[in-house]
Amino acid sequence: MSDADAALMEASLIAVADAGIDIRHALFERFFAAYPDRRASFISVDAASRRMTDETLQMMLGLAQDEGWVWPLVAELVFTHRSYGALPIAEYDAFIDMTVEELGLAARPAWSAASASAWQQNADSLKAMIRKARAEWASAMPAGAPQIA
Ligand code: HEM
């Protein structure tokens with residue numbers, strides 16, 4: 001945990017809010033450009049894009065703040081996402097990285113090397129936590145667990 005990282009991350013969220021930019025639009029365009037076949041998995045991109053974007057940002061900030069709710073939320077996320085098909089881990093990684101990249105574009109000129117590094121470190125922690133959750137579901141409940149790779 002780093003108070004300095006969390007403060008930098010909050011400052012970029014405030015910069016994006018002040019700029020009035022809703023990053024989910026560019027984020028989902030970019031995600032579907034990279035994974036066009038995945039678009040059909042979404043019943044409502046409008047509804048899901050709000051929650052997926054907000055919760056990804058919240059989880060990264062929560063990790064920076066050492067919040068205990070992040071792990072159960074990640075475990076639940078990984079389990080409920082079984083309903084959306086076999087989602088490769090590479091798509092989770094890409095979605096998280098794209099979220100940070102779109103946040104950085106929207107936060108300019110408040111974005112700095114330090115804020116990018118604070119977000120990236122917690123993005124990497126979130127990716128590791130998703131891997132752990134997938135592995136634990138696979139071990140606890142082999143028949144119905146989300147795939148690991
Ligand atoms: C850290 C990453 C992610 C977070 C925090 C997240 C979060 C969420 C949340 C909160 C929902 C809404 C569930 C509900 O309202 O019942 C959702 C739906 C969904 N997510 Fe994610 N998600 C993530 C990554 C992904 C990835 C990588 C994919 C792969 C394409 C994906 C595909 C979907 C789909 C298909 C839906 C259902 C949308 C619909 O029914 O319209 N998610 N996600």
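Yes/no per residue for (1) at pLDDT 95 or above; (2) under 12 Å from ILE130 (Cβ atoms):
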residue	(1), (2)
ALA34	yes, no
SER41	no, no
VAL45	yes, no
ARG51	yes, no
GLN65	yes, no
VAL70	yes, yes
- Message: Out of everything in the range 16-65 that is assigned to a loop (DSSP other than H, G, I, E, B) and touching a helix residue (DSSP H, G or I) at 6+ places or on another chain (Cβ under 9 Å), what residue ends up being least open to solvent (accessible area, probe 1.4 Å)?
- Response: ILE23
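What number of residues within the range 54-70 satisfy the criterion of being hydrophobic (A, V, I, L, M, F, W, C), touching a residue at least 60 places away in the same chain (Cβ under 8 Å) and away from the ligand (no atom under 11 Å from the Cβ)?
Step one: list which residues in the range 54-70 are hydrophobic (A, V, I, L, M, F, W, C), which gives 57, 59-61, 63-64, 69-70.
Narrowing further to those that are touching a residue at least 60 places away in the same chain (Cβ under 8 Å): 59-61, 63-64.
Right, trim to away from the ligand (no atom under 11 Å from the Cβ) and you get 61, 63-64.
Of the residues in that region, 3 qualify.
When you scan the range 80-100, how many residues do you find that are open to solvent by 50 Å² or more (accessible area, probe 1.4 Å), more than 17 Å from ALA128 (Cβ to Cβ) and in a helix (DSSP H, G or I)?
Count: 4.
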- Message: Filter the range 101-128 down to the residues that are open to solvent by 40 Å² or more (accessible area, probe 1.4 Å) and either among the aliphatic types (A, V, I, L, M) or part of a loop (DSSP other than H, G, I, E, B) (or both) and list them by number.
- Response: LEU105, ARG108, PRO109, ALA110, TRP111, SER112, ALA113, ALA114, ALA128
- Task: Inspect all residues belonging to the range 95-109 and state whether any of them is within 9 Å of the ligand (Cβ to nearest atom), in contact with a Phe, Trp or Tyr (Cβ under 7 Å, 6 or more places away or on another chain) and in contact (Cβ under 8 Å) with a residue 60 or more places away in the chain.
- Result: yes
- When you go through TYR84, TYR35, TYR92 one by one, which is the residue that is within 15 Å of the ligand (Cβ to nearest atom) and within 11 Å of the chain's Cα centre (by Cα)? TYR92
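The values are calculated or read from the model by the stated rules, or taken from the named source; none is laboratory data. In this text the structure is predicted, and so the values were computed from the model without any measurement. Neighbour counts run over all protein chains shown; Cβ positions are idealised from the backbone, glycine included. Surface areas here come from the heavy atoms of the whole protein model, side chains and all, with no ligands, DNA or RNA. Shrake-Rupley method; radii C 1.70, N 1.55, O 1.52, S 1.80 Å.
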